[in-house]
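Below is one structure, written out as structure tokens; comments come after it.
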Amino acid sequence: MTADPTMARISQGVDLHHHQGRREAARELFAQIWDDIGGEQGDPLHVCVLAHSMADTQDDVHQELMWDLRALAAADRVTDEHVAQVGVALPVAGLYPSLHLNLSECYRKLGDLGRAREHLQQARAGIGALGDDEYGQLIKGGLEKLAEQLGESI
């Protein structure tokens, strides 16, 4: 667990959504945190992780896409040093496969299969940054499922 209080709050929201099934409560908590960090002007790691998490709680795919694009833009401003400082066990490169996976899925839902395939390729290109742990397996499994849905070879 991270010693960073904002990351801890984001983790609480993720737990609300993914483990307690309280999607609306998670979305409300994420909105509070978003205001507290100053939105897109906040710490890039916080913006990235929060926007990525907020995307998962959206009912509208256009809103989900907007949040995922915010997360990707913020990831480009995150450094490995900062990630290590807050106690995240993943290098910055390890963020990209999940970000691109989610973007690919949004574009697939919107019927933009060209962009969906582009982001799938980018996610695959970064998969080596993930470990062979539970998180890495989750992302790799998601990529395989999405590749099948897009008619891509696995």
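Would you mind calculating the gained length between Asp112 and Asp80 on full extension (0.36 nm times residue separation, minus the Cα-Cα distance), in nm to one decimal?
Additional length available on full extension: 8.3 nm.
Under the rule of -39500 (n - 2.57) per DSSP H run of 4 or more residues, summed and divided by the residues of the chain, what mean residue ellipticity at 222 nm is obtained, to the nearest 500 deg cm²/dmol?
Per the formula, -20500 deg cm²/dmol.
Roughly how many Å² is the accessible area per residue of the chain, as a whole number, for a 1.4 Å probe?
Each residue of the chain exposes 52 Å² on average to a 1.4 Å probe.
Calculate the radius of gyration of the Cα atoms of the stretch 18-113 to one decimal place, then report Dmax, the largest Cα-Cα distance, as a whole number, both in Å.
Considering the stretch 18-113 through its Cα atoms, Rg and Dmax are 13.3, 40 Å.
Please report the carbon-and-sulfur percent of the accessible area for the chain; probe 1.4 Å, protein heavy atoms only, DNA, RNA and ligands left out.
Solvent-exposed carbon and sulfur of the chain make up 49 percent of the total.
Angle, helix 23-37 long axis vs. longest principal axis of the chain, Cα atoms, 0 to 90°, nearest 10?
60 degrees
The values are calculated or read from the model by the stated rules, or taken from the named source; none is laboratory data. Just so you know, these numbers come straight off a predicted model, no measurement behind them. Quick note on the areas: whole protein, heavy atoms, side chains included, nothing else; ligands and nucleic acids left out. Shrake-Rupley method; radii C 1.70, N 1.55, O 1.52, S 1.80 Å.
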